[in-house]
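Everything below concerns the one structure shown next.
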Amino acid sequence: MASTTGAAEQVVTEDALLATPNRELDALFRRSPAGPIPIGVLDGVAVLFPGSRVSRVVAGLVRALAWQGKVVEPDGTWLRNRITPLRIRAVAALVRPSASLVDRRPCIVLDYSATSLIARGVRDEIRLVAPRLYLGVIWLFGRRVGWFTLRERG
């Protein structure tokens, strides 16, 4: 990841995460706290093929055509995804703190199993990796299949 002036300090941004190899994303996720449940409109970036030359291009295409992020309701117990170029709010998930499938440590789980027929096999887990920035793991039927980020506005 991009570093700042000190070797121990690292700047964590969406752009830096797109350039970060999968192994380093895993290490960052493992050492990060769950953080509080984010509320409101969250801007998302799909981090597919992390660390590769195509990661930024794929992220741009996904954002333009398919997924722009999530909207967590004020009570923090459920959300809807912002999808399509029209940013339609659809595909609901329950939100709750729980243990991660990665390392059994606390994270915030976005669970689609009881709320969505089309995404029933999806479980997202997020942890806070920088102020207002969450790194998420995408699970599909118990297999880790990708990464994403969510940024709180403000």
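Condition check for residue 151 on (1) crowded, with 18+ Cβ neighbours inside 10 Å; (2) outside any strand (DSSP E or B); (3) not hydrophobic (A, V, I, L, M, F, W, C): one failure, at (2). In summary, residue 99 fulfils each of the numbered conditions (1) under 17 Å from residue 42 (Cα atoms); (2) surrounded by 12 or more Cβ atoms within 10 Å (Cβ to Cβ) with the single exception of condition (1). Taking the criterion of being out of contact with any strand residue (DSSP E or B) (no Cβ under 6 Å at 6 or more places or on another chain) and either buried (at least 18 other Cβ atoms within 10 Å of the Cβ) or of a type in the set (Val, Ile, Thr) (or both), the only residue of the stretch 103-121 that qualifies is 118. Among the residues here, residue 46 does not qualify as farther than 18 Å from residue 135 by Cβ and either hydroxyl-bearing (Ser, Thr, Tyr) or in a strand (DSSP E or B) (or both).
Of all residues in the stretch 128-140, one or more are more than 18 Å from residue 44 (Cα to Cα) and part of a strand (DSSP E or B). Within the stretch 1-38, the set of residues being within 14 Å of the chain's Cα centre (by Cα) and either among the β-branched types (Val, Ile, Thr) or at pLDDT below 95 (or both) comprises 12, 13, 37.
The values are calculated or read from the model by the stated rules, or taken from the named source; none is laboratory data. The structure presented is a predicted model; accordingly, all values stated were derived computationally and were not measured. Positions of Cβ are backbone-derived with ideal geometry, glycine not excepted, and every protein chain shown enters the neighbour counts.
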